[in-house]
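Here the structure comes first, spelled out in structure tokens, and everything after it is commentary.
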Amino acid sequence: DQQVKQNSPSLSVQEGRISILNCDYTNSMFDYFLWYKKYPAEGPTFLISISSIKDKNEDGRFTVFLNKSAKHLSLHIVPSQPGDSAVYFCAARSMDSNYQLIWGAGTKLIIKP
Amino acid sequence: SAVISQKPSRDICQRGTSLTIQCQVDSQVTMMFWYRQQPGQSLTLIATANQGSEATYESGFVIDKFPISRPNLTFSTLTVSNMSPEDSSIYLCSVLQGNGYTFGSGTRLTVV
């Protein structure tokens, strides 16, 4: 049973445009959500997070939106840059999980010049 | 955030042998996690390793296959024992500081 789902295996976006990556979850006990970026041959790198008490968090070009009623979050990257090409993972943590993260399958973002 | 040195970065091993992966953290951390990422898959938690206690393994992972040591607050090892080709994966360590999770650069293991 996948508790965190990223339904788009890949996404192609023109440089300079907005990239929107989506993530759905099923566990209503999740209270903290994170986005990571991963390049080949490297570990995941933290991008941005959001607590369930908020519906938006912004950091530079990255904004995460949380819709708790829909159990949906999205990562917006604007403007998209070639260096943003990577695999993006969303992860969630339950308040009763002993700090363990549940990960989505990832979305490969390709920024076209 | 913490900086993690993970070694080796990659290895090719014969089936039936064992490989020990090391993670050294530049600061003291209580919680450390070991993950596996099989080709084209997401990250799967193998175990949580807290200093001073036995590692807690997730369903599908056992100590005999993946023994873990956590001798202090800055170091941990994961051993992949009696390897088979199905163990070919990327193995990652991660630490928690505050609300942030930092990852090592990963170990790409190929079993032949």
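The values are calculated or read from the model by the stated rules, or taken from the named source; none is laboratory data. Small disclaimer: the values here were computed from a predicted structure and weren't measured. Cβ sites come from the backbone with ideal geometry, for glycine too, and all protein chains shown count toward neighbours. Surface accessibility is based on the protein's heavy atoms, side chains included, excluding ligands, DNA and RNA. Shrake-Rupley method; radii C 1.70, N 1.55, O 1.52, S 1.80 Å.
Annotations
- Selection within region A:87-109 - within 12 Å of A:Leu21 (Cβ to Cβ) and more than 8 Å from every other protein chain (Cβ to nearest Cβ): A:Val87, A:Tyr88, A:Cys90, A:Thr107, A:Lys108, A:Leu109
- Checking A:Asp84 against (1) in contact (Cβ under 8 Å) with a residue 60 or more places away in the chain; (2) out of contact with any strand residue (DSSP E or B) (no Cβ under 8 Å at 6 or more places or on another chain), the condition it does not meet: (2)
- Subset of region B:31-53 [surrounded by 13 or more Cβ atoms within 10 Å (Cβ to Cβ) and over 15 Å from B:Pro67 (Cα atoms)]: B:Met31, B:Gln37, B:Gln38, B:Gln41, B:Ser42, B:Leu43, B:Thr44
- Within region B:99-112, the presence of at least one residue that is open to solvent by 70 Å² or more (accessible area, probe 1.4 Å), in a strand (DSSP E or B) and closer than 29 Å to A:Thr107 by Cα is confirmed.
- All positions within region B:57-95 that are free of Cβ contacts under 8 Å to residues at least 60 places away in the same chain, hydroxyl-bearing (Ser, Thr, Tyr) and crowded, with 16+ Cβ neighbours inside 10 Å: B:Tyr57, B:Thr74, B:Ser76, B:Thr77, B:Ser88, B:Ser89
- Subset tally (residues that are open to solvent by 70 Å² or more (accessible area, probe 1.4 Å) and under 28 Å from A:Pro113 (Cα atoms)) for region A:23-38: 0
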